[in-house]
Amino acid sequence: MDPVTSSPTAPAESTSLTYGEPRARWVLAATVLGSGMAFVDGTVVNVALPRIGKDLGAGISGLQWTVNAYTLTLASLILLGGSLGDRFGRRRVFLIGVVWFALASLLCGVAPNITMLVLARALQGIGGALLTPGSLAILQSSFRPEDRARAIGAWSGLGGIAGAAGPFLGGWLVQAATWRLVFLINLPFAAAVVFIAQRHVPESKDPSASRRLDLPGAALGAVGLGALTYWLIAWQDRGAGDARVLGSLALAVVSLGGFLARERWAREPMLPLEIFSSRVFSATNAVTFAVYGALGGVFFLLVIQLQVVSGYSPLAAGVALLPVTIVMLLLSARGGALGQRIGPRWPMTFGPLMCAGAVLLLLRVGPHASYLVDVLPAVTVFGLGLSLTVAPLTATVLAAAPDRHAGLASGVNNAVARVAGMLAVAALPLVAGLSGEAYAKASMLDPAFRTAMLVCAGLLAGGGILAAITVRTPDRAGPPGAAQEARHHCAVDGPPLDGCPHHGPVGLTDVAVSSPPR
């Protein structure tokens, strides 16, 4: 059984709901609201970062950890979260994730200092790892096979609307009240999800799910990624020769090496390394890493740049990125159809190159930047490039893996995207020379932002060139229904979990599009 969600070909209990019937609407509402909390939260947190830093006296490293603590636990545990749902019940694990996420949001909302906020964000990521794969797994197991594509399409479309509303909602809450409401607003939504799910969402498990959980693999992966992230962030403040910096690097190398060894030799690994034997699968994930790494960096720094250097309010900074989401909602399906018609190679080449050009246009965003002249053209072109890239990329990942690994393939791609964004958020301030509280000073942030955008443009161009060299149409057809489902897309903060060709706000974060993937 694949670890993320039920594979389309795997046997699973199903209540065979018909799309459009009352109970089916309630199931869809519960999954949209549940996953929408994570989507919107990823979007709005980035908008709130300058205010968080000011109120809690945090430096750039504190803001990096505010984003990355969530991404770290989410990316490390998302495969395990899917396995838990298959084994113990998808509704049960989904609801545990929703309640966990809500309680962690409460802790975020009352955090008295940046340390407590970061710890609470890490707890939020654990909740996200439980509820995110569960939402799609519930749809996959609850609806009739012929209705699943419609249900997933509705889920992704409504999720995109939630992601689009996120920047506006977050900016308004931060500007009109306090950044703490960005987290506290999750509580009523979580209560609604629990109420609906308890009454209307059927329970399902996979009878063939493995009885073994790869807890050592999950722990080694989380420790390794955490140590690597700490190394990059601490390097800025302590210097490369500091004992703690060197120790974290050593721990990262040992833990990630142990993770690979564990996955290579374990009887039932969380991440079977054989999946990377497909050249197309490995190449597409390499392109994912480059593209989503750049996405994470752009959306982390751009919202701060707009507020600190250009003088935008939190609301204006959040809404400034709305065209990315709108363009993707309108054109992603056409991008998927184009990739299906001519193959993924050229859309995955020209899409990232177009995004690289858009990031170079963002170099115009400086003091007193005009939205119509300096921001809107760049974010519009960026949305066009992502529309070309995301659907073919995700469809190629799914088609390159064997049917039995369809859920695993999309889960791996999702994790790769999130890890890339996390490492970019950790590394870019170091590369750009941004440390301490320099982000709050326009004269210091502006040149660092320009350096970081040049790096992000290079990553995107590199991803496009890599796609041109390595990506080919997979030799076999994708999983059943892939062609139909590839026309539905989720937000932009990470590729899709099982069945959805593109998960994620772009949430610019855990990104709908206006914050980095979380």
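The numbers here are math on the coordinates, done by the rules we state, and not lab data. Predicted, not measured: the structure shown is a model, and the values here were computed from it. So basically every Cβ, Gly included, is an ideal-geometry build from the backbone, and we count neighbours across all protein chains shown.
Summary of computed values
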{"read-out": "Prolate/oblate/rounded call for the stretch 209-308, Cα gyration tensor, a/c under 1.5 rounded", "value": "oblate"}
{"read-out": "Pairwise label distance in nanometres, E274 with E203, each label 7 Å out on the Cα-Cβ vector", "value": "3.3"}
{"read-out": "Tensor-based shape of the chain (alpha-carbon gyration tensor, a/c under 1.5 rounded, otherwise prolate or oblate)", "value": "rounded"}
{"read-out": "Stretchable slack from K54 to V254, in nm (0.36 nm times residue separation minus alpha-carbon distance)", "value": "68.3 nm"}
{"read-out": "Cα centroid of the stretch 405-451 to Cα centroid of the stretch 215-243, whole Å", "value": "15"}
{"read-out": "Residues S443, S156, sorted so that the one with the fewest Cβ neighbours within 10 Å comes first", "value": "S443, S156"}
{"read-out": "Cα shape, the stretch 215-267, gyration tensor, a/c 1.5 rule", "value": "prolate"}
{"read-out": "Mean residue ellipticity (222 nm) of the chain, computed from DSSP H runs ≥ 4 via -39,500 (n - 2.57), nearest 500", "value": "-25000 deg cm²/dmol"}
{"read-out": "Where labels lie 7 Å past Cα in the beta-carbon direction, separation of A177 and T18 in nm", "value": "4.2"}
{"read-out": "Modelled FRET efficiency - R0 35 Å, I469 with L119, Cβ distances, 0.05 increments", "value": "0.25"}
